[in-house]
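This is the structure, below, for whatever I ask next.
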Amino acid sequence: MFSRLVLSLGLIAGLPIMAHAAERPVVVELFTSQGCSSCPPANAYLNELSRGRRDVLALAFHVTYWDRLGWKDPFSMEAATDRQAAYGRRFGDGSYTPEIVVDGAAGMVGSDRGEVGSAIEKAKRQGQTAAPVNVTKSGEQVSIEVGAGSGRGRILLIGFDHEHTTAIGRGENSGRTLTEANVVRSIRSVGQWSGAALRLNERFPEGQDVAVVIEAPNGRIVGASRLAARSST
C-alpha cells in the first residue's frame, strides 16, 4: 500500500521518481602516478569515492611524466597525460599530481578532501545533463544509448579496472604497497552527439568495466553513465 501511495504521489507531483532515475553521476577524474609521493592520500580518497558514492563516477588516470624519475607506473598511458594537459591549458595551471578534475569544470589538489567534496556538491547542484546515457554489454560488444536533448559533445568510451595492488620497488614511493581503485586502462572518442537520440555499438575496451562520458565543446561533462549491472555476458 505504501509503495503504491508513493508512486501515486510521484505521478501527481510531476514525476520526481522518473527525474531521480535520470540523474547522472558526477565525474571525478584523478590524475596520479605511482612514482609521486604526494599521490597516495589522493588515491585513498578516490578509493573511498569509488566504493561509497553511487552519485560519483570516480576514475584514476595514471600519467606518464613521472615514469622517468625512478619508477615506471605500469598503468600510465599517454592518453591520460594528454587529457590532463588539455585541462591544464584550459584552467591555466599546467599539469601536476595529484590533481582532481570535477565534471570537467574545475581542477584542484586531489588530496584536498574539503575542496574536492565542495566541488562535488556544487556539481550535483549546478551540473548540466544534456541527455541521458545508458551502457550495456553483449558478448564482446558494448551498446551506448544517448537520448535526445539540447547541446552537443563528443562521446568518450572509457575502460577501467576495479582495483590493483602494486608493490613499489623504486622511486619516491619505494617500499610502499599501493592499492588503487578504478584505474583507467583506455579512453577513446567513439562519436559525436548533436542533440538527436543515437545508439552506438563498440568493441569492449581494455579494462574490466566501462564508463561513457559526453564532453561538451568547452570541456565540461554533460552526460555520464557506467556499465549497467544487469548486462549480459
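Test of understanding: what is the full-extension gain from Arg90 to Arg68, defined as 0.36 nm times their sequence separation minus their Cα-Cα distance?
Fully extending the segment from Arg90 to Arg68 adds 5.3 nm.
Related question: Which angle from 0 to 90°, rounded to the nearest 10, does the C-alpha axis of helix 2-12 make with the longest principal axis of the chain?
Relative to the chain, helix 2-12 is tipped by roughly 80 degrees.
Return the sequence-ordered ³J(HN,Hα) values of segment 88-105 in whole Hz as given by the Karplus equation 6.51 cos²θ - 1.76 cosθ + 1.60 applied to θ = phi - 60°, using x for Gly and Pro.
x, 5, 6, 7, x, 10, x, 10, 8, 10, x, 10, 10, 10, 9, 6, x, 9
Ok, one more. Where a Cα-Cα gap under 15 Å defines reach, which aspartates and glutamates qualify for Lys72, not counting those fewer than 8 residues away within the same chain?
Glu172
Continuing with the same structure: Multiply the residue gap between Val109 and Asn218 by 0.36 nm, knock off their C-alpha separation, and tell me the result in nm, one decimal place.
Value of the extension gain: 37.1 nm.
How far apart, in nanometres, would the label points at Ser174 and Glu23 be if each is projected 7 angstrom from Cα along the Cα-to-Cβ direction?
My value for the distance between the label points is 4.8 nm.
Go ahead and estimate [θ] at 222 nm for the chain from helices alone: -39,500 (n - 2.57) per DSSP H run with n ≥ 4, summed, over the residue count, rounded to 500.
Dividing the helical sum by the residues of the chain leaves -8000 deg cm²/dmol.
Here, each number is a calculation from the coordinates, and none is a lab measurement. Quantities reported herein were computed from a predicted structural model and do not represent experimental measurements. Please note: Cβ atoms are built from the backbone with ideal geometry, for glycine as well, and neighbour counts cover all protein chains shown.
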